[in-house]
Amino acid sequence: ADKDDLPRVLLIGDSITRGYFGDVEKRLAGKAYCARLTTSKCVSDPSFSDEVQLLLKHYKFATIHFNNGLHGWGYSEAQYRDGLLKTLAAVKKHAGDAKLIWATTTPVREKSDLKKFSEKTERVKARNMIAAKIMKEHDIPTNDLYGLVEQHPDWQSTDGVHFNGQGKEAQAKQVAESVAKCL
């Protein structure tokens, strides 16, 4: 997103975000330039907030769509909440007038039976609830990707975490629509 004759959009997330990014970029072509910061770091990792701040200090974005919740299983939910608050403060400090959109974390399924949710999904739900409270307090809209994919095990890839083409396309459509409303 090194051009500035159109609004810039930043997607922050993990490999799920990386999976749908290309299709979001295509859907927003001619409306915005898209960039991404995708990492397997949890918001609780002290360097995560530093990476976000570094990017935001050098580039201005009209909209920032962000998510974090599938990594950092070694951190407690209290540490996740504290990390998310720290990250949100950093984003607000350095994002200027960018409109923010939070995206819920998607469920994890059993590799052996994609119709069943993995035990990790309970932690995903807990983190989504923590994030929902924080985003509500900060008046940040939420893009419910969890709800979008929850009833679609057929969209999941065989690893139980990532998504196949149909799942990525559905997520990209919803992300692009939520971002376009903010442009």
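The values are calculated or read from the model by the stated rules, or taken from the named source; none is laboratory data. The structure displayed is predicted, hence computed values, not measured ones. So basically every Cβ, Gly included, is an ideal-geometry build from the backbone, and we count neighbours across all protein chains shown. These area figures cover heavy atoms from the full protein model, side chains too; ligands, DNA and RNA do not enter into them. Shrake-Rupley method; radii C 1.70, N 1.55, O 1.52, S 1.80 Å.
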Farthest positive-ward along the chain dipole, Cα basis, beta-carbon charges - from ALA131, THR105, ALA89: ALA89
Relative to the Cα centre, what is the charge dipole magnitude of the chain, using +1 at the beta carbon of each Lys and Arg, -1 at the beta carbon of each Asp and Glu, and rounding to the nearest 20 debye? 220 debye
Reach of LYS3 by Cα under 22 Å, taken over lysines that are not fewer than 8 positions away in the same chain: LYS26, LYS31, LYS57, LYS60, LYS99, LYS181
Net +/- balance of residues flanking GLN174 in space, Cβ distance below 15 Å, scoring K and R +1, D and E -1: -1
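Roughly what % of DSSP beta bridges within the chain run antiparallel, to the nearest 5?
15 percent
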Overall Cα dimensions of the chain - principal axes, largest extent first, Å: 47, 36, 25
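Within a Cβ distance under 15 Å of GLY96, other residues only, what is the Lys/Arg minus Asp/Glu net charge?
So the surrounding residues net to +4.
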Inter-part gap, Cα centre of segment 131-149 to Cα centre of segment 6-44, in whole angstrom, is 17 Å
Label-point separation in nm, THR158 to LEU85, each point 7 Å along Cα→Cβ: 4.4 nm
Could you provide, to the nearest whole Å², the per residue accessible area of the chain with probe 1.4 Å? 50 Å²
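Can you tell me the length gained on complete extension of the stretch LYS93 to TYR59, counting 0.36 nm per residue apart and subtracting the Cα distance?
10.9 nm is the gain from fully extending LYS93 to TYR59.
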Radius 14 Å from Cβ of GLU137, net charge of other residues (Lys, Arg +1; Asp, Glu -1): +3
Accessible area of segment 1-115 belonging to carbon and sulfur atoms, whole % at 1.4 Å probe: 49 percent
Spherically averaged projected area in nm², based on the convex hull that wraps the Cα atoms of segment 101-147: 3.1 nm²
With just the Cα atoms of segment 118-177, tell me how far they stretch along each of the three principal axes, in Å, largest first. 36, 31, 15
Fraction of alpha-carbon pairs over 21 Å apart in segment 1-108 - percent: 32 percent
